[in-house]
Amino acid sequence: MEAKLDIKTVGVVGCGLMGSGIAEIAAKSGFDVVVREVDAGALEAGEKRIRKSLDKAVEKEKLSAEDRDAAWSRLSFTTEVPGLAGCDIVIEAIVESLEAKNELFTELDGLCGEGTIFASNTSSLTITDMAAATQRPDRFVGLHFFNPVPVMKLVEVVRTIATSGETFDRAFAFAKALGKVPIAAKDNSGFVVNLLLVPYMLDAIRQLERGVASVEDIDTGMQLGCGYPMGPFVLCDFVGIDTLYRISEIMFEEYREERYAPPPLLKRIVTMGRFGRKSGKGFYDWSGDKPVALPV
């Protein structure tokens, strides 16, 4: 028996790449959405990002102009945390810092109603560490979306040892209402996807360090040999080298297993400011028509 979906208003904290995508799909799915950013500049950038994505969907004939306008009308924007007080669910998509997340949820805990579900979009921190900072650990879940959110179908719905069955069912039903395919995950760092994916990317870097093959040949080998849509180094550049480094440190701290430890080469590339596609350089130089592998 499926849970009755009693969620009407969605709060999204953070309007970067992930937060803006979550806000967009929630608005397109018929929910009223309140988006919060830290200041007016970040908020304006987030608004533009959502608007551009909606307009692009209309251009590609994946969304009608009427549905775009209806979705836009359901969105409201604020720089104030109290603006989220009336939401039925609040999804956090801010910086991957436990301290910052706990500070936010502690404030929200004193503002939101008893029935409000708190959810984090974290990719590597444990939900328990955030839930424990509130007075509602039974109403706390992980909702891990994937980038780009409007395109990627998967959502990992994460349950802690304290999450109530009712809360989990409501969150799972909410993910379905967004048009996503939810899977249930245990609250361990990395959940399902990153638990398996991060060691794969780190091991590719280790084999590169050992001189097994070049960046291009390892990528080509995994694409053509395994049928992957992209090789591990292109994937690293898309994820963000700095993001991968931060996630691997968090996961190594959790598990103390070598396969989650960031290889020295990963740290060197981050130190040089090569963060991947977003900075123009990572394992590849992305400035031209085609990516060109860089010396490592």
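What follows is calculated from the coordinates using simple rules that are stated; it is not laboratory data. In this text the structure is predicted, and so the values were computed from the model without any measurement. Backbone-built Cβ (ideal geometry, glycine too); neighbour counts: all protein chains shown.
For the listed peptides 109-118, 18-27, a ranking on the average number of other beta carbons within 10 Å per residue, highest first, reads 18-27, 109-118. What residues from the range 2-31 fall in the zone where the backbone N is under 18 Å from a label point 7 Å along the Cα-to-C-beta line of residue 103? Taking a point 7 Å out along Cα→Cβ of residue 103, the residues of the range 2-31 whose backbone N falls under 18 Å are 13-16.
Computed from Cα positions, the angle between helix 241-255 and the longest principal axis of the chain comes to roughly 80 degrees.
The C-alpha atoms of the chain define a longest principal axis, and helix 215-226 lies at about 70 degrees to it. Using C-alpha pairs under 8 Å with a sequence gap of at least 6, the mean separation divided by the residue count of the chain gives a relative contact order of 13 percent. From largest to smallest, the equivalent ellipsoid semi-axes obtained for the chain from the alpha-carbon gyration tensor read 33, 23, 18 Å.
Cβ-Cβ distance of residue 203 and residue 76, R₀ of 45 Å, FRET efficiency by 1/(1 + (r/R0)^6): the value works out to about 0.50.
Okay, helix-only estimate at 222 nm for the chain: each DSSP H run of n ≥ 4 adds -39500 (n - 2.57), divide by all residues, round to 500 deg cm²/dmol; what do you get?
-13500 deg cm²/dmol
Taking θ as phi - 60° and the Karplus parameters 6.51, -1.76 and 1.60, the scalar couplings of the range 119-124 work out to 9, 10, 8, 3, 9, 9 Hz in sequence order, x denoting glycine and proline.
For the chain, find the longest principal axis of its Cα atoms and tell me its angle to the long axis of helix 165-177, 0 to 90°, nearest 10. Roughly 70 degrees between the two axes. Remark on the range 194-286: ratio of C-alpha radius of gyration to 2.2 N^0.38 Å is 1.01. Per-residue 3J(HN,Hα) values for the range 49-55, derived from phi via the Karplus relation 6.51 cos²θ - 1.76 cosθ + 1.60 with θ = phi - 60°, read 5, 5, 4, 4, 5, 5, 5 Hz in sequence order (x marks Gly and Pro).
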